[in-house]
Amino acid sequence: MRPRPTLQGAWWPRPLIGLLLLAGVVWWAPLDALTDAFEAIDVGVALSALGIGLATTVLCAARWWTVARGTGLCLPWSRAVGDYYRAVFLNAVLPSGVLGDVHRAIDHGRYAGDVPRGVRAVVLERMAGQVVLAAAGAVALFVLPAASTGPGVITVAVWAGVAGLLAMVVACAPRFGRRSDALWWRVLRETARDVRNGLCTRTTGPAVLVLSVAALAGHVTLFVVAARAAGVTEPVGVLLPPAVAALIAMSVPAGVGGWGPREAVTALVFGAVGLGASVGLTVSVVYGLLALVAALPGGVVFLWRLLRVEDRQVGGEPLDQRREQVPPLDGRGA
């Protein structure tokens, strides 16, 4: 009997859809829109991207550190920054755009001694940023109704529904969870507790909100830098709706590093505001290249940690056997 197909092979249609969308946009756009994007990047623009990427990554790492510490997990500050940089790099070069966060969640869970809670902390941290982005997108939809087409309005609606569902979980789980000893009720109760402690206390709530808004401002700043490098001289206020729409499109788990949906939506929105769809494509390509430049330090972190692990395994016992000799730590890990 043949084994039944699993969902593990179902990941490939999403990046394929994104790449097909990118290919369609490139086929439709004039060649100058692409060549101008590569010519727009010089050393000064690349250094600006590195600086903005450092600021936004540190802000996002601080958000993750706040959520993880709020849920009771051990997460040193230096590890938070390094792991977040590595996740940003992996998200930029691997399909779907979320595999870096998956690696970050599992790796931190193993380090802290609680993989399920480590995964929940990363999900909550990412969700906080996406909710703030969805709120900004909702404002952009009122400012620019044409931006409601495409994945923007879908993403806003999905994250609004997720926020409402989580609010219901936080309100109802403590009450009904006491009536059942089922495993799914215990998981639900633990999730609700992590939501309250990681996002909704007097300390974590304002901190996560401020860090999310600041990180979003960093991403928008990088978009404005890309627009200026592409020769767009419109005021920043005119560029805000296209920037938010592009970031929302990048959050759709399709393509590689946001390529495809971002270009389609940015071209559409630039055309809606009268700046020209081909100009929007150029700006989007410049932004994508600058985002990749900003993520390059994460590649350095990835290689350094990979080589360090290999060095620890060369010339001695396997790493797993060494760890068996270490006395077990308490529930929170190191």
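Rank these residues by their accessible area, most exposed first, probe 1.4 Å: CYS74, CYS60.
Result, largest first: CYS74, CYS60.
Would you rank ARG79, ARG186 by solvent-accessible area, highest first, keeping every protein chain in place and using a 1.4 Å probe?
Numbers: ARG79 50, ARG186 95 Å².
Listed by decreasing accessible area, they come as ARG186, ARG79.
Report SER78's accessible area, 1.4 Å probe, all protein chains in place, as a number in Å² to the nearest 10.
Around 90 Å² of this residue is reachable by solvent.
Please report the accessible area of TRP304 (heavy atoms, 1.4 Å probe, ligands and nucleic acids excluded) in Å², nearest 10.
Probe radius 1.4 Å; accessible area of TRP304 about 150 Å².
Taking a 1.4 Å probe, which of ARG305, ARG69 shows the most accessible area, and what order do the others take after it?
ARG69, ARG305
Accessible surface of ILE52 in the full protein assembly, 1.4 angstrom probe, to the nearest 10 Å²?
Counting only protein heavy atoms, the figure is 30 Å².
The values are calculated or read from the model by the stated rules, or taken from the named source; none is laboratory data. Here the structure is a predicted model, which is why all the values come from computation and not from measurement. Quick note on the areas: whole protein, heavy atoms, side chains included, nothing else; ligands and nucleic acids left out. Shrake-Rupley method; radii C 1.70, N 1.55, O 1.52, S 1.80 Å.
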